[in-house]
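Colleague: Could you have a look at this structure, given as structure tokens, before my questions?
Every number here is computed from the coordinates shown, using simple stated rules; none is lab data. Just so it is clear, the model here is predicted, and its values are computed rather than measured. As a convention, Cβ positions derive from the backbone with ideal geometry for all residues, glycine included, and neighbour counts pool all protein chains shown.
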Amino acid sequence: MSEVVVETRDLSVHFGGVFAVNGVNFSLRERELRCLIGPNGAGKSTFFKSITGQLQGAESSGQVLIRGEEVTTWPTYRIMRLGIGVKTQVPSVMNGLTIEENLWLSASRTNPDAADAIVEEIVAELTLQSIARRQVRELAHGQRQLVEIGLVLANKPWLVLLDEPAAGVTGQEMQRLVAIIRRINRTAALIVVDHDMHFVRMLEARITVFNQGAILVEGSADSVLNDVRVREVYLGNRAR
Amino acid sequence: MTRSGFGIGRIRWNWFAAFSGLLVLLPLASETNTPTLLAIWALFALSLGLMWGYAGILSFGHAAYFGLGAYTYAIASFNIGESTGPLCLAILVPMVVAAIIGAMMFYGRISDVYLGVITLVVTLILNRFMNATAGDAYRIGNARLGGFNGIPAFPILNLPGEPDVQIFGTPYYYVVVACLLGGYLLARFILSSSFGRALIGIRENELRMELLGYNVPALKTAIFAICGGLAGLAGALFANWAEIVTPSVFSLGQSAEVIIWVIVGGVGTLVGPMIGAVLLGTLKIMLGMQTSIDNSLVLGAILILVVLLIPRGFAPAFVAWRGRLLQLQAYRRHARGTTRRRLHLKEAE
């Protein structure tokens, strides 16, 4: 059995009296692809942020372990240096820089000598050659999503966390996104948070459903999507 | 993409050589007292311009490091005598103080607004403290702090190792120009390094840089300290120029002025803040010679006009105008060529 790369033990995060994440025990194995779904406010993004140390100062309890090392109190940059790539819910890119410059900043931290080659490789892989020297602020939303995924790829991570990668992406771009995620999954474990059930089905991954800060159910796409509780709280009874 | 494809931070050597040549030849055509002061102010503005324009850190109390540099030089030169050590201390002390304050702010995740307030308060505290240091009790070694009257008559800059050979007048102008050009090259070197590019990334998106694994608080602290050191150097040079240091080096006016110089010259450039300092510094000196209009009113009016008419400042506006002019020339050349070809065709028919 492959190694567990991410594990949370009884993880809770609360803001005032409201538990955004409530006693979550979660584990992800090496090169596993996992989708997190759930209604708005279910705690998916908070869970995401707590794994990556972005909630320093929030009231929390429990443990986050990455490759067996407890990182619960680590600052974000230190957790990222373990080899993790993150795409945030709202595209978080350097708007005043070109695509190449964005990617260079990502590649040069982990691999300064090969940064230029990595940038060329990522630009080609995402077919961004024609716009590579344009400022990111001039790009459409879908292109900015791609740039952010490029930033994640340029870091050569072994664990990738993607928060709503399909948001604002057109049908054709979605096919491409699925192919990119599969490509990443050849070398890295992935957690993908998304609302788009069509996209989640396309990924053919194991699914974890969040509701009210806790894990409601976990399993294969078919079993989860046919689960009565999931239909009740999230999908609605018309969903198939 | 080559690394130079990262278009920020490249130096235009031809411009640099022309500008340096101009500064070197200036004493042939002018007295050097005012240009020396303007070059000191330019260095001070450069130190804030680097930090604000490229790392996105706006300090409302940058005069604190300028003043610390001036006081450190004055106090150390009284105690040490030979000026090399005091000059080094005048860079080191503000640098260390900036590093401590910067580390507290950046590791403490203080937001930009509070950062501005804290830096301002530090300057005010130093100003008030130095004003209250009259009397014999306030003495560091041989140096009396002197309260409101400050520290006069300290040993000025000398040739390294030669305390009796003092540097003033035109030679001092060249020392200041060398420091200014050195500061500029240092800033360019920083911006062309991975460190400088990371700072630009932080200016653009701090969270993203952290998610890429950059230690953002450490990088911000480092640039804050470096710019504090540069401001300290400017302060020490100012002390040598004025031959007296008073608490006014920590004044709110001093902090506000340097911000105005940077805005007017152009945030996000290195040349802009220096241009702003020279232009507004010259104006300030000219206005200081008359009594009919209040100096601050004119400077305030200029700031409002610049923000309204050239919001990005002089240097970026000049680059944009030059770009448009070149485009227009290219278009005219193309249009002339097309007309000639048409005429040739008609003649052939």
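Colleague: In the range B:1-108, if every C-alpha pair distance is counted and binned at 10 Å from zero, what percent goes to each bin?
Modeller: 11, 29, 32, 23, 4, 0
Colleague: If each DSSP helix of 4+ residues adds -39,500 (n - 2.57) and the sum is divided by the residues in chain B, what number results at 222 nm, nearest 500 deg cm²/dmol?
Modeller: Mean residue ellipticity at 222 nm (helix-derived): -24500 deg cm²/dmol.
Colleague: For the range B:166-175, just list the computed ³J(HN,Hα) in residue order, Karplus coefficients 6.51, -1.76 and 1.60, θ = phi - 60°, integers in Hz, with x standing in for Gly and Pro.
Modeller: 7, 10, 8, x, 4, x, 5, 4, 5, 4
Colleague: Could you work out the Kirkwood radius for the range B:164-280, taking every pair of different alpha carbons, averaging 1/r and inverting it, reported in Å?
Modeller: Result for the range B:164-280 stands at 16.3 Å.
Colleague: Could you work out the mean projected area of the convex hull around the alpha carbons of the range B:307-349, in square nanometres to one decimal?
Modeller: 3.3
Colleague: Now, a different point. Hey, can you grab everything whose amide H is under 5 Å from the amide H of A:THR72? Only 5+ residues off in sequence or another chain; H modelled, so Pro and N-termini drop out.
Modeller: A:VAL64
Colleague: Which residue, B:ILE140, B:ILE275, B:ILE260, tops the fluctuation ranking in a GNM of chain B built on C-alpha contacts under 10 Å?
Modeller: In the Gaussian network model the winner is B:ILE140.
Colleague: To continue, here is another question. Under 17 Å Cα-Cα from B:LYS284, which aspartates and glutamates qualify once same-chain neighbours fewer than 8 residues away are excluded?
Modeller: Counting by Cα, and skipping residues close in sequence, B:LYS284 has these aspartates and glutamates nearby: B:GLU257, B:ASP294.
Colleague: Stokes-Einstein at 37 °C, 0.692 mPa s, Kirkwood radius from Cα pairs: D for the range A:129-190 in µm² s⁻¹?
Modeller: Reported coefficient: 265 µm²/s.
Colleague: Return the whole-Å distance between the Cα centroid of the range B:214-278 and the Cα centroid of the range A:163-238.
Modeller: 52
Colleague: Roughly speaking, what % of Cα-Cα pairs in the range A:71-185 are separated by over 17 Å, rounded to a whole number?
Modeller: Everything past 17 Å amounts to 53 percent.
Colleague: Follow-up. Please list, ordered by chain and number, the residues whose modelled amide H lies under 5 Å from the amide H of A:ARG34; skip anything fewer than 5 residues away on the same chain.
Modeller: A:LEU190, A:ILE191, A:VAL192
Colleague: If you place +1 on the Cβ of every Lys and Arg and -1 on the Cβ of every Asp and Glu, how big does the dipole about the Cα centre of the protein assembly as shown come out, in debye to the nearest 20?
Modeller: 1720
Colleague: Across peptide A:110-118, what mean number of C-beta atoms from other chains lies inside 10 Å of a residue's C-beta?
Modeller: Mean number of neighbouring Cβ atoms from other chains: 2.
Colleague: Moving on to the next point. Once you compute Rg and the Kirkwood Rh from C-alpha atoms, what is the Rg to Rh ratio for chain A?
Modeller: That ratio equals 0.97.
Colleague: Would you mind giving the three semi-axes, in whole Å and largest first, of the ellipsoid equivalent to the protein assembly as shown according to its Cα gyration tensor?
Modeller: So the equivalent ellipsoid measures 53, 34, 20 Å along its semi-axes.
Colleague: List the residues, sorted by chain then number, that are 5 or more residues from A:VAL6 or on another chain and whose placed amide H is less than 5 Å from its amide H.
Modeller: A:LEU28, A:ARG67
Colleague: Moving to a separate point now. Calculate the mean, over all residues of peptide A:94-105, of how many other protein chain Cβ atoms lie within 10 angstrom of the residue's Cβ.
Modeller: For this peptide, the per-residue mean of nearby foreign Cβ atoms is 6.
Colleague: Sticking with this structure for a sec: Which residue, B:GLY253, B:GLY141, B:GLY337, tops the fluctuation ranking in a GNM of chain B built on C-alpha contacts under 10 Å?
Modeller: Greatest mean-square fluctuation among the candidates belongs to B:GLY337.
Colleague: Quick one: Karplus J couplings for the range B:218-235, per residue in order, coefficients 6.51, -1.76, 1.60, θ = phi - 60°, nearest Hz, x for Gly and Pro?
Modeller: Karplus values, whole Hz, x for Gly and Pro: 5, 5, 5, 4, 4, 6, 4, 5, 4, 5, x, x, 5, 5, x, 4, 4, x.
Colleague: Here's something else I'd like to know. Using the alpha-carbon centroid of each, what span in Å lies between the range B:10-28 and the range B:71-127?
Modeller: 31
Colleague: Report, largest value first, the span of the C-alpha coordinates of the range A:1-129 along each principal axis, in whole Å.
Modeller: 48, 37, 26
Colleague: Sticking with this one: Provide Rg over Rh for the range B:81-200; use the alpha carbon set for both Rg and the Kirkwood Rh (inverse mean inverse pair distance).
Modeller: Here Rg/Rh amounts to 1.04.
Colleague: Distance between the C-alpha centers of the range B:310-336 and the range A:1-63? Whole Å please.
Modeller: 53
Colleague: Sticking with this one: Enumerate the calculated ³J(HN,Hα) couplings along the range B:44-53 in order (Karplus 6.51 cos²θ - 1.76 cosθ + 1.60, θ = phi - 60°), each rounded to whole Hz, writing x wherever the residue is Gly or Pro.
Modeller: Listing the rounded values in order: 4, 5, 4, 5, 6, x, 5, 6, 7, x Hz.
Colleague: Here's something else I'd like to know. Taking the Cβ of A:ASN211 as the center, what net charge do the other residues with Cβ under 15 Å away carry, scoring Lys and Arg +1 and Asp and Glu -1?
Modeller: 0
Colleague: Rank-order A:66-76, B:61-71, B:175-185 by packing density, defined as the average count of other C-beta atoms within 10 Å over each peptide's residues, highest first.
Modeller: B:61-71, B:175-185, A:66-76
Colleague: Additional query: Can you compute the helix-only [θ] at 222 nm over chain A? Use -39500 (n - 2.57) per DSSP H run of at least 4 residues, normalise by all residues, nearest 500 deg cm²/dmol.
Modeller: That comes out to -9500 deg cm²/dmol.
Colleague: So for chain B, Kirkwood radius off the Cα pairs, Stokes-Einstein at 37 °C and 0.692 mPa s: how many µm² s⁻¹?
Modeller: After rounding, the answer is 151 µm²/s.
Colleague: Top mean-square fluctuation among B:PHE16, B:PHE238, B:PHE106, Gaussian network model of chain B, C-alpha springs under 10 Å?
Modeller: Result for chain B, Cα springs under 10 Å: B:PHE16 fluctuates most.
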